[in-house]
Amino acid sequence: MQDITYSQVRLRALKLSRKEIKVGVFGASGFAREVIDICLALGIKKIVFIDKDSENLNYYGWPLCSEDQIEPLIVEKYCFVLGIGDNHLRKKIFNIFRKLPYINLVHPTATLGYDMKERLSKKKGNIITSGVRFTNNIDIGNFGIYNLNCTIGHDCILEDFINVAPGANISGNVHIHECAYIGTNASVIQGQSQRQKLIVGENSVIGAGSVVTKNISSNVVAFGIPAKMREKK
Ligand SMILES: CC(C)(COP(=O)(O)OP(=O)(O)OC[C@H]1O[C@@H](n2cnc3c(N)ncnc32)[C@H](O)[C@@H]1OP(=O)(O)O)[C@@H](O)C(=O)NCCC(=O)NCCS
């Protein structure tokens, strides 16, 4: 069973033990709500949602505050995650609140291969939901979303702010650049070797159910079997 993974240094600085972790979740949409499931599965019960200019005090029964009410949460030693599916919005919020103590959230049913827990502990802001599988020697970035039952093969490079949607399968030797989005049930076939990885370019979107067989440029949408590139709308 995996446990919560976080930067040891960061939590030590906050003088927090695992049981005391309180989580502030940015966002108040469907994905933010799915983050509750991970927190509860990890035994985290102190959860506050944070939404821009929120006037409501409550989000599906959980406390909700606005972005200008974060200060007291910091004083109360909350840790933070960005529960926002949109890669660019997630990055934008991070750029506004860069200095917060962000943690990784890993659902207990996710499995991480050899050395991956250690690698992840040096990163921050990743949200790994239930049933996700990582094998090993994967160079994971920060603030990635790895959604239900997706799989990541050996020797991949996963840059910051990517999103791998439910059921997507990333084969070995694939390099996914920053802010790329891999749609539900898409498959990315393996790169030729560790040195010649198959590339999904920065900001690109792979359509649901597509099969990526060749390098995908930056800033495009690619879909179908095999996936063909089109300019983004
Ligand atoms: C690929 C995608 C980004 C294209 O979006 P878009 O640029 O707005 O494209 P449109 O919806 O206008 O569709 C254009 C055409 O492509 C087809 N198409 C769209 N997505 C497709 C896909 N994934 N596979 C095959 N064909 C697809 C549409 O049916 C349409 O065909 P038509 O011209 O014959 O009517 C989007 O459809 C998609 O798959 N997004 C990922 C969604 C996802 O996985 N979400 C996860 C949530 S957790």
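Need one number: % antiparallel among DSSP beta bridges in the chain, to the nearest 5. Rounded to the nearest five, the antiparallel share is 10 percent. Could you work out how far apart the two model spin labels at E67 and K46 are, taking each label as a point 7 Å from the Cα in the direction of the beta carbon, and quote it in nm? Output for this residue pair reads 2.5 nm.
Compute the angle between helix 30-41 and the longest alpha-carbon principal axis of the chain, please, reported from 0 to 90 degrees and rounded to the nearest 10. Once rounded, the angle reads 70 degrees. Surface analysis of the chain yields an accessible area of 48 Å² per residue, using protein heavy atoms and a 1.4 Å probe. With the gyration tensor restricted to C-alpha atoms of segment 58-100, the semi-axes of the equivalent ellipsoid amount to 19, 15, 9 Å, longest first.
Among the listed pairs K46/K197; K123/K214; K45/K122; K46/K117; K45/K92; K77/K197, a Cα-Cα separation exceeding 31 Å is found for K46/K197; K77/K197.
I want the antiparallel fraction of DSSP beta bridges within segment 150-231, as a percent rounded to 5. Mind dumping the intermediate values first?
Details: 4 of 22 bridges.
About 20 percent, rounded to the nearest 5.
Across the options A110, L40, C65, the greatest Cα extent toward the positive end of the charge dipole of segment 1-140 (unit charges at beta carbon of Lys, Arg, Asp, Glu) belongs to A110.
As a length-normalised measure over Cα pairs under 8 Å and 6 or more apart, the relative contact order of segment 150-231 settles at 22 percent. Rounded to the nearest 10 degrees, the inclination of helix 87-96 to the longest alpha-carbon principal axis of the chain is 40 degrees. Expressed as a whole percent, the accessible area of the chain that falls on carbon and sulfur atoms is 50 (1.4 Å probe). Rounded if a/c is under 1.5, else prolate if a/b is larger than b/c, else oblate: which is segment 150-231, with a ≥ b ≥ c the root eigenvalues of its Cα gyration tensor? Judged from the Cα gyration tensor, segment 150-231 comes out rounded (a/c under 1.5). Using a cutoff of 8 angstrom between alpha carbon atoms and counting only pairs six or more residues apart, the relative contact order for the chain works out to 12 percent. Take the Cβ atoms of V211 and R98, set R0 to 30 Å, and the FRET efficiency comes out at 0.20.
The values are calculated or read from the model by the stated rules, or taken from the named source; none is laboratory data. Computed from a prediction, not measured in an experiment: that's the story for all the values here. Ideal geometry is used to build each Cβ from the backbone, glycine not excepted, and the neighbour counts take in all protein chains shown. The area values use the complete protein model at the heavy-atom level, side chains included, leaving out ligands, DNA and RNA. Shrake-Rupley method; radii C 1.70, N 1.55, O 1.52, S 1.80 Å.
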